[in-house]
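**Q** Just dropping this structure here.
Read the figures in this text as sums done on the coordinates, not as results from a lab. Predicted, not measured: the structure shown is a model, and the values here were computed from it. Ideal geometry is used to build each Cβ from the backbone, glycine not excepted, and the neighbour counts take in all protein chains shown.
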Amino acid sequence: MKNLTNKTTNSEFIERINKLTPESQPQWGKMSVDQMLAHCAVGMRISFGEVKTSSNIFMKIIGKSIKKKVFAQEQFRKNSPTGKEFLIKDKRNFFAEKSDLISSLRRCAEKGNEIFSKEPHPFFGKLTPEEWDNLTYKHIDHHLRQFNV
């Protein structure tokens, strides 16, 4: 299972992020590069337990029913739906967002699995630290592929 706490994988992600520029364009989706970086940073803060999210019973039932499928797939599919906590609609400072995301990635490599939340995921329910790590890996990889890096 691929993860961000692996120092080699983590460094590769940082290298990919460093290839982005303020002019980078998505291959799909509606987010600009600065919004994507902020979006990924929010996802990381959720996985660390620093941002609390909510969900309704309907979403939790769907999440639990597709959890195995999501974790079995190597990568997320294009144009997957996103939670409202992840939506970034305003213009952001590319360099600040890039720095913030890289800082969060470095925290993963430094702290290992202890950095991940002990709280249930709002959609998938209870996750192990390894599952939080893998889900976060897939999310960031998805968006780096979106911007062709």
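**Q** Work out the charge dipole of the chain with +1 on the Cβ of Lys and Arg and -1 on the Cβ of Asp and Glu about the Cα centre, then indicate which of Ser80, Ser65, Ala38 is farthest towards its positive end.
**A** Comparing the listed Cα positions along the dipole, Ser65 ranks first.
**Q** List the lysines whose Cα lies under 27 Å from the Cα of Lys91, skipping any in the same chain that are fewer than 8 positions away.
**A** Straight-distance partners of Lys91: Lys19, Lys30, Lys52, Lys78, Lys138.
**Q** Counting only chymotrypsin sites (Phe, Trp or Tyr not before Pro) that are in a DSSP loop and have at most 16 other C-beta atoms within 10 Å, tell me the longest site-free stretch of the chain.
**A** With chymotrypsin sites (Phe, Trp or Tyr not before Pro) excluded where exposed in loops, the chain gives 77-149 as its longest stretch.
**Q** Would you mind calculating the relative contact order of segment 1-143 from Cα pairs under 8 angstrom and at least 6 residues apart, reporting the percent as a whole number?
**A** 43
**Q** Something else: Past the 14 angstrom mark, what percentage of all C-alpha to C-alpha distances in segment 1-69 do you count?
**A** For segment 1-69, the fraction of Cα-Cα distances above 14 Å is 75 percent.
**Q** Give or take rounding to whole Å, what are the principal axis extents of the alpha carbon atoms in segment 58-149, in descending order?
**A** 38, 31, 23
**Q** Nearest 500 deg cm²/dmol is fine: what mean residue ellipticity at 222 nm does the chain get from its DSSP H runs of n ≥ 4 alone, each adding -39,500 (n - 2.57), divided by its residue count?
**A** Calculated from helices alone, the mean residue ellipticity at 222 nm is -18000 deg cm²/dmol.
**Q** Right, next: Pick out, in residue order, every one of the trypsin sites (Lys or Arg not before Pro) in segment 1-86 that is DSSP loop and has at most 12 other C-beta atoms within 10 Å; say none if there are none.
**A** Lys2, Lys19, Lys30, Lys52, Arg77, Lys78
**Q** Measure nothing but the geometry: give the 0 to 90° angle between the long axis through the Cα atoms of 7-18 and the longest principal axis through the Cα atoms of the chain, rounded to 10°.
**A** 50
**Q** Please state the charge dipole magnitude for segment 1-103, taken about the Cα centre, from unit charges on C-beta atoms (+1 on K and R, -1 on D and E), reported in debye and rounded to the nearest 20.
**A** Roughly 560 debye, rounded to the nearest 20.
**Q** In addition: Stokes-Einstein at 25 °C, 0.890 mPa s, Kirkwood radius from Cα pairs: D for segment 1-116 in µm² s⁻¹?
**A** Answer from the Stokes-Einstein relation: 157 µm²/s.
**Q** Another question, if that's okay. Can you list the GluC sites (Glu not before Pro) in segment 1-70 that are in a DSSP coil and have 12 or fewer other beta carbons within 10 angstrom?
**A** Glu23, Glu50
**Q** Continuing with this model, one more query. Note down the magnitude of the dipole of segment 75-127 about its Cα centre, charges +1 on Lys and Arg C-beta and -1 on Asp and Glu C-beta and zero elsewhere, to the nearest 20 debye.
**A** 220
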